[in-house]
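*Asks:* Sharing a structure here in structure tokens format.
The values are calculated or read from the model by the stated rules, or taken from the named source; none is laboratory data. Only a predicted model underlies this, so the values are computations on that prediction, with no experimental measurement involved. All Cβ positions, even for glycine, are placed from backbone atoms using ideal geometry, and neighbour counts span all protein chains on display. What goes into the accessible areas is simple: the full protein's heavy atoms, side chains included, and nothing from ligands, DNA or RNA. Shrake-Rupley method; radii C 1.70, N 1.55, O 1.52, S 1.80 Å.
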Amino acid sequence: MLHLKSESTSQWLNQVDQHLDEILIDHAHCERKAATTAMNLMNSYTEHRNLCREMTRIVEEELEHFEMVLCLLDERGIKFRRLAAGPYGRKLNALVSSQEPERAVDRLLIASLIEARSCERFSLLSEHVRDRDAGLADFYASLFESEARHHTTYVRLAEHFTSREATRVRLAQLSSEESEIIAQGSKLPRMHS
Ligand SMILES: [Fe+2]
Ligand SMILES: [Fe+2]
């Protein structure tokens, strides 16, 4: 359902164990950036009524998630701060075509893959901390459903710019690239490191 070609390794869970606070701060930034991505797509494709409607909903939900993660940080006494961005988003965005309509398809499919990887990581994180931190486990389990829905929405919208078959082929290509990028990892502990 999530169209991912690989599962996260224990290397990321080691980062979770050693740098949980920093990963939670990064998660807040991820939600803020997810809202920005949806807003940018709406700005680029204003003539697509359906896209604008879906993006409006996603912007609202991502900003709500942003606020939820900020509250979680407050409850845990973790100060929200700027962080250097990890390489994941930059490497994925480098794959975006410069020509339309391929560009729209790529932007939407990359957004869909980021949502999918978030889902996978939220669920891993939730299981990983369940025994020692049920509150955090419940929090991550509660976010899974909406991020999975965002993944599906982005894939469906990509089909408005090309055929369903072309979408499927490009999604498979980009998903392979995403798996390679995630396998490279990053020394910076991040939600997508
Ligand atoms: Fe979100
Ligand atoms: Fe999302």
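*Asks:* Loop only per DSSP, at most 10 neighbouring Cβ atoms within 10 Å: give me the trypsin sites (Lys or Arg not before Pro) in the range 147-193, ordered by residue number.
*Replies:* Details: sites: Arg149, Arg156, Arg164, Arg168, Arg170, Lys187, Arg190; in loops: Lys187, Arg190.
Taking the range 147-193 and a limit of 10 other Cβ atoms within 10 Å, the loop trypsin sites (Lys or Arg not before Pro) found are Lys187.
*Asks:* How large is log10 of I(q)/I(0) for the range 1-160 at q = 0.15, 0.18, 0.21 Å⁻¹ when the intensity is taken from the Debye formula with one equal scatterer per alpha-carbon?
*Replies:* Each listed q corresponds, in turn, to -0.83, -1.17, -1.52.
*Asks:* At 0.36 nm per residue, minus the direct Cα-Cα distance, what do Glu145 and Ala172 gain on full extension? Give it in nm, one decimal, please.
*Replies:* Residue separation times 0.36 nm, minus the Cα-Cα distance, leaves 7.5 nm.
*Asks:* Sticking with this structure for a sec: Express the relative contact order of the range 10-184 as a whole percentage, based on alpha carbon pairs under 8 Å and six or more residues apart in sequence.
*Replies:* Numbers: 143 pairs, mean separation 36.6, N = 175.
Relative CO of the range 10-184 lands at 21 percent.
*Asks:* Suppose every K and R has +1 on its Cβ and every D and E has -1 on its Cβ; what is the size of the dipole of the chain about the Cα centre, in Debye to the nearest 20?
*Replies:* Working: 25 positive and 31 negative charges, 108 e Å.
Charge dipole of the chain: 520 debye, to the nearest 20.
*Asks:* If you rank Glu100, Glu7, Glu178 by how much accessible surface each has, with a 1.4 Å probe, what is the order from largest down?
*Replies:* Greatest to least solvent exposure: Glu7, Glu100, Glu178.
*Asks:* Name the helices (complete DSSP H segments) of the chain with a Cα length along the long axis of 24 Å or more and a Kyte-Doolittle mean of at least -1.0, or state none. Before the final figure, lay out the partial values.
*Replies:* Details: long enough: 20-44 (35 Å, -0.16); 49-75 (39 Å, -0.20); 102-129 (40 Å, 0.19); 134-158 (37 Å, -0.07); 164-184 (30 Å, -0.54).
Helix filter hits for the chain: 20-44, 49-75, 102-129, 134-158, 164-184.
*Asks:* Summarise the accessible area of the range 10-184 (1.4 Å probe, protein heavy atoms) by the percent that is carbon and sulfur. Write down the numbers at each step before the final one.
*Replies:* Values: 4320 of 8660 Å².
After summing per-atom areas, the C and S share lands at 50 percent.
*Asks:* With a 1.4 Å probe and all protein chains kept in place, how much accessible area does Arg81 have, in Å² rounded to the nearest 10?
*Replies:* 110 Å²
*Asks:* Bin by bin, in steps of 10 Å, what percent of the Cα pairs in the range 76-193 do you find, going until the bin that has the longest distance?
*Replies:* Result returned by the calculation: 13, 37, 34, 14, 3.
*Asks:* If you take the square roots of the eigenvalues of the alpha-carbon gyration tensor of the range 35-101 and sort them as a ≥ b ≥ c, do you get rounded (a/c under 1.5), prolate (a/b over b/c) or oblate?
*Replies:* Working: a/c = 4.27, a/b = 1.50, b/c = 2.84.
Oblate, since a/c reaches 1.5 and b/c is not below a/b.
*Asks:* Accessible area per residue for the chain in Å², computed with a 1.4 Å probe and the full protein assembly in place, what is it? List each step's numbers first, then the result.
*Replies:* On the way: 9750 Å² over 193 residues.
Heavy-atom accessible area per residue stands at 51 Å².
*Asks:* Can I ask one more? How big is the gap, in Å, between the Cα center of the range 116-185 and the Cα center of the range 36-89?
*Replies:* Between the Cα centre of the range 116-185 and that of the range 36-89, the gap is 15 Å.
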